[in-house]
Amino acid sequence: MNKQAINWNDIKDNFTTLFWQQNVRQFWVDEEIPLSDDKLTWKTLTPEQQDVYKKATAGLTLLDTEQGSVGMPEIALKVENLHSKAILGFMGMMEHMHAKSYSSIFSTLCTMAEIDELFEWVKTNEHLQSKLNLVSSYYTNITDNKSLYMAMCMSVFLESFLFYSGFFYPLYLAGQGKLVASGEIINLIIRDESIHGVYVGLLAQEIYEENWEKEALEKLLELFEIEKKYTHELYDQIGLTNEVLKFLEYNADKALMNLGLEPYFNVDEYEVNGTILAGLNTKTKNHDFFSTKGNGYIKPTNIAKLDDSDFDF
C-alpha cells in the first residue's frame, strides 16, 4: 500500500485548522517560568502540606508520562485522518513537556533524596497504578471502531477528570498567593489539557455509535471509585478531601460533556471551592513580564523582514 503525504491545503472539516493553530499558540516550555521565588513560600508550609503537594504533582507526572508515551501515540496510530494524527502528535509532545515541568518544580523545592523517594512512591502507589492500568488497557487494545472510541473516552477521562485531583492543591495554594510560579505552570498545563479533552472528545463523537455510552459511563464510575481512595490517601491529612471530591465530580461531568454525553453528577459551580474555580480560568493573568511568564504570553508566529521604509515616521 502506497504511503500518503499530509496535505494541509486539503482539510475536510471545519475544526482541524482551529485546533492546530490553538495548540501552536499555546506552546510553552518550562524553562520560561522562573520558579526560584517559590522556595521561600515552600519553607512556610507544614510537612503535611508539603507531602500533599509533592505527591499530587508526582501523580500528575505519572499520568502525563503515560499519556505522552502511550495514550496519544496509540490513538494517533489508529485514526485514519492525517491531520488528526498531526494534532494528536503535537498534543502528545506537550504531555511530555508537562511531565518535565513537574521535575523542574521538584528540583526547585526538593532535595535529590526527596525526589528519589517521591518517584518510588509513584511506582508503588496502589491507586495511581490501578487507575493508570485501567486507562492503558484501552490504549493498547484498539482493534475496531468501538475499542478506538473507548480509548478516546479514556483519554478524555484522563485529561478532563483524573488530572484534577492533582491540580486541586497547587490551585488552592496559588489562590492564596503561595507557590505562585509553580501554580502558573499548573495553569498552563490546565490550558493544554482543556483543549486536549475537547479535541479528542470531538474525534470520539465522530465515530460514536448508539449504546456505546453505557460502557463509557461504567468505566468513568469505576475510575471515580479508585480516585476516591486516592483522594482520601492524599488529602485526609490536611482536611480537604470533601472539597477535592466535589471538584472531581464537577470535572467528571465536564469529561462526559466533552464526549457529547449527559453529565452524571450534576454539580453546580457554586458547589466547588471558589478559589479553585478562579484558578481554572486560563485567561490572561497580570504578571511582571521580567519576573514571571503568565499564560497571556504571546509568541510571534508571523514575522516580516524589516526594511528602511519601516523607520520612516
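The values are calculated or read from the model by the stated rules, or taken from the named source; none is laboratory data. If you're wondering where the values come from, they're calculated on a predicted model, not measured in any experiment. Heads up, the Cβs are rebuilt from the backbone with ideal geometry, glycines too, and the neighbour counts pull from every protein chain shown. Accessible surface is based on the protein model in full, side chains and every heavy atom, while ligands, DNA and RNA are left aside. Shrake-Rupley method; radii C 1.70, N 1.55, O 1.52, S 1.80 Å.
Across region 216-248, the qualifying residues are those that are assigned to a helix (DSSP H, G or I) and without any contact (Cβ under 8 Å) to a residue 24 or more places away in the chain, and the one among them that is most open to solvent (accessible area, probe 1.4 Å) is ASN242. Applying a threshold of 7 Å to beta carbon distances and a minimum spacing of six or more residues, or different chains, the list of pairs starting in region 74-86 at a residue that is under 18 Å from TYR138 (Cβ atoms) and ending at one that is in a helix (DSSP H, G or I) and open to solvent by 20 Å² or more (accessible area, probe 1.4 Å) reads ALA76/LYS85; ALA76/GLY89; VAL79/LYS85. If the condition is being more than 21 Å from the chain's Cα centre (by Cα), not hydroxyl-bearing (Ser, Thr, Tyr) and not in a helix (DSSP H, G or I), then region 34-77 contributes ASP37, LEU45. For region 4-38, a tally of residues being open to solvent by 100 Å² or more (accessible area, probe 1.4 Å) and farther than 19 Å from ILE87 by Cα returns 2.
The residues in region 255-269 that are at pLDDT 95 or above, more than 17 Å from GLU218 (Cβ to Cβ) and open to solvent by 80 Å² or more (accessible area, probe 1.4 Å) can be counted, and the count is 2. Taking region 249-285 as the range and being part of a loop (DSSP other than H, G, I, E, B), touching a residue at least 40 places away in the same chain (Cβ under 8 Å) and not charged (D, E, K, R) as the test, the residues that pass are LEU259, GLY260, LEU261, TYR264, ASN273, THR282.
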